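Only one structure is covered here, and it is reproduced in the block below.
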Amino acid sequence: MEPELVDVVVVGLGVGGEEVAGRLAEAGLSVVGIERDLVGGECPYWGCVPSKMMIRAANTLAEAHRVHEFAGSTRVSPDWAPVAERIRAEATDNWDDRVAVERFSNQGGRFIRGSGRLEGPGRVRVNDQVFQARHGIVLSTGTRPSAPPIDGLAETPYWTNHQAIEVARLPESLLVLGGGAIGLELTQVFARFGVQVTVVEALDRVLATEEPESSEVVTAALRADGVNIHTGVLADRVDHDGQKFTLRANDARYTAEQLLVVTGRQAHLDELGLDTVGIRADQRFLPVDDRLRVTDGIWAVGDVTGAGAFTHVATYQAGIVVADLLDRVRRSDTGAGADPNGTVVPRADYQALPRVTFTDPEVGAVGLTESQARQRGINVQVGSVSLGSSARGWIHRADGLIKLVADADRGVLVGGTSVGPAGGEVLSGLAVAVHAAVPLAELRSMIYAYPTFYRAISDALRDLG
Ligand SMILES: Cc1cc2nc3c(=O)[nH]c(=O)nc-3n(C[C@H](O)[C@H](O)[C@H](O)COP(=O)(O)OP(=O)(O)OC[C@H]3O[C@@H](n4cnc5c(N)ncnc54)[C@H](O)[C@@H]3O)c2cc1C
């Protein structure tokens, strides 16, 4: 069959692919968008949005439990039904992407449901159709949950984030394998709704990619919510007897009605036909340059690039891909030369990558942690304060901290952490400082509103020396 000629083919319409495909279609290109599951991907259906709805609900319970501390008394009766209903009705449309498909079509895109696969340079097959892309192919196929090779695990009906988000009736007890951001957010939600949760983490602390101080605060908060946390535990066997799960690690055993595995995610490159364009499929992620190019005529965006598994990374990269592709179209239409100075197409730069773990307290972080900065040979200076020593933290009786990591030679921040009731929001100031390399002297000369949580940044700056 003759391939059909189009301008661009986008394989995978999660947040990254949907943004690229929609914007290119709006710019007047003929764009084919291919999605095998739901347009929008993980974030709206099984990730960011429903999990944050769960967190919002769980945090109202936690606030209500504090009434006796500040304002009298109240009785709290948790009920999961409104949470499940809000996720079904408002977040996911009962896991139906009709609205998203319509949105893409209204932007001028052509949607095809199916699995896309490269079939040689510029060509993509989906179902029984083959497309030849005149200007480019964008791979935005994301990741899927992965499970460690623990004996017996694969034969059990364990949960991934999908079942945890879709749950309509909560289990009485839950084992959570994996103490990263996703695992801890869901742990706290379920614990606050009365589930007896046990976290089992192989590393020596939860939230191991962030500052150790953040791990300490979150561990204490989760324990206060009644969560059991076991770190440094390497599970070696999992069984399910029809009623409950048993997880074994050396002599220890942990049991619960349900098991949630959140130990990481995997890009399935072997499904993409990469060998037909000379790219190795036995890599963890798709390597890209700073314009997100995999090779001539192929771009990648989102989780599949391994640059950071966040929606804001996918949409940031999408903006660069759109600019680069439109620049290529312009040059091919006008015969203009390449843009060697990067004036038209911005280059990807992750030095100020922000990340937020939406536990209570929230953990916001940007740039390098102290140990990452030291590993890079930076002349590191650290300043930190506990939130409780700030006026707002004390008034709120809030746990948290601000930690700043500075490059003493350059006199700028290279990283920052804000843990607290609004840690993700407080982070914005630190993100600007790291992104724009604002001199420490400038940061010290600012006026910080009293009594805000972010005012603790000025105390941390003083602690820097
Ligand atoms: C529980 C949870 C909570 C999260 N919370 C946050 C948060 O608060 N903030 C944040 O920034 N990020 C969060 N994330 C991460 C965020 O969801 C991802 O970073 C984001 O979805 C990545 O977008 P993507 O487009 O790269 O991939 P995805 O969203 O995974 O989309 C990829 C799409 O490609 C499709 N696909 C794959 N292969 C093919 C193929 N061959 N043909 C056709 N289609 C294909 C898939 O079906 C999928 O729809 C969370 C994730 C989880 C799991």
- Task: Taking SER105 as the residue in question, decide whether it is at negative phi, of a type in the set (Gly, Ala, Ser) and within 11 Å of the ligand (Cβ to nearest atom).
- Result: no
- Out of region 174-194, which residues are buried (at least 18 other Cβ atoms within 10 Å of the Cβ) and either on the phi > 0 side of the Ramachandran plot or polar (S, T, N, Q) (or both)? GLY178, THR187, GLN188
- Does region 233-292 hold any residues that are charged (D, E, K, R), in a strand (DSSP E or B) and within 14 Å of the ligand (Cβ to nearest atom), and which are they? ARG265
- With (1) farther than 21 Å from SER214 by Cα; (2) assigned to a helix (DSSP H, G or I) as the list, and TYR450 as the residue in question, which single condition is left unmet? (2)
- Query: If you take the residues of region 108-121 that are more than 15 Å from the ligand (Cβ to nearest atom) and under 19 Å from ILE279 (Cα atoms), which of them is most open to solvent (accessible area, probe 1.4 Å)?
  - Reply: PRO121
- Message: Any residue at all in region 145-157 that's over 22 Å from THR255 (Cβ atoms), of a type in the set (S, T, N, Q) and in a loop (DSSP other than H, G, I, E, B)?
- Response: yes
- Task: For region 122-131, indicate whether the set of residues that are out of contact with any Pro (no Cβ under 9 Å at 6 or more places or on another chain), within 16 Å of the ligand (Cβ to nearest atom) and farther than 21 Å from GLU4 by Cα is non-empty.
- Result: no
- Note on the structure: The helices (runs of 4 or more DSSP H) lying wholly within region 19-98 that contain at least 1 residues that are small (Gly, Ala, Ser), open to solvent by less than 60 Å² (accessible area, probe 1.4 Å) and over 30 Å from GLY116 (Cβ atoms) are 48-65, 81-86
- Message: Among (1) in contact with a Pro (Cβ under 6 Å, 6 or more places away or on another chain); (2) away from the ligand (no atom under 15 Å from the Cβ), there is one condition ILE320 misses while meeting the rest; what is its number?
- Response: (2)
- Query: Name the pairs: first residue in region 205-221 and among the basic types (Lys, Arg), second residue open to solvent by 20 Å² or more (accessible area, probe 1.4 Å), Cβ to Cβ under 6 Å, at least 6 apart or on different chains?
  - Reply: ARG205/THR231
- Item | Residue, nearest to GLU362 (Cα to Cα), within region 414-457, restricted to residues that are surrounded by fewer than 18 Cβ atoms within 10 Å (Cβ to Cβ) and hydroxyl-bearing (Ser, Thr, Tyr) | SER428
- Task: Output the qualifying pairs, or none if there are none: Cβ atoms under 6 angstrom, residues six or more apart or on different chains, first residue in region 423-436 and farther than 11 Å from PHE453 by Cα, second residue of a type outside the set (Val, Ile, Thr) and open to solvent by 40 Å² or more (accessible area, probe 1.4 Å).
- Result: GLY429/TYR454; ALA431/PRO354
- Task: Sort out for me the helices (runs of 4 or more DSSP H) sitting completely within region 300-413 that have 1 or more residues that are within 30 Å of HIS65 (Cβ to Cβ) and charged (D, E, K, R).
- Result: 391-396
- Query: Which pairs do you get when a residue that is more than 14 Å from LEU38 (Cβ to Cβ) and of a type outside the set (Phe, Trp, Tyr), found in region 98-112, comes within reach of a residue that is open to solvent by 100 Å² or more (accessible area, probe 1.4 Å) and in a helix (DSSP H, G or I), reach meaning Cβ atoms under 7 angstrom, with the pair 6+ apart or on two chains?
  - Reply: GLN107/GLU26; GLY108/GLU26
- Task: Please find, within region 437-461, the residue that is nearest to THR359 (Cα to Cα) out of those that are in contact (Cβ under 8 Å) with a residue 60 or more places away in the chain and in contact with a helix residue (DSSP H, G or I) (Cβ under 8 Å, 6 or more places away or on another chain).
- Result: PHE453
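Rundown of residues vs (1) within 16 Å of the ligand (Cβ to nearest atom); (2) within 30 Å of VAL9 (Cα to Cα); (3) at pLDDT below 95, yes/no style:
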{"position": "ARG134", "(1), (2), (3)": "no, yes, no"}
{"position": "PRO149", "(1), (2), (3)": "no, no, no"}
{"position": "GLU155", "(1), (2), (3)": "no, no, no"}
{"position": "TRP159", "(1), (2), (3)": "yes, no, no"}
{"position": "GLN163", "(1), (2), (3)": "yes, no, no"}
{"position": "VAL189", "(1), (2), (3)": "yes, no, no"}
{"position": "PHE193", "(1), (2), (3)": "no, no, no"}
{"position": "VAL200", "(1), (2), (3)": "no, no, no"}
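The values are calculated or read from the model by the stated rules, or taken from the named source; none is laboratory data. Computed from a predicted structure; not experimentally measured. No Cβ is skipped: glycine too gets one built from the backbone with ideal geometry, and neighbour counts run over all protein chains shown. Just the protein is used for accessible areas: all its heavy atoms, side chains included, with ligands, DNA and RNA removed. Shrake-Rupley method; radii C 1.70, N 1.55, O 1.52, S 1.80 Å.
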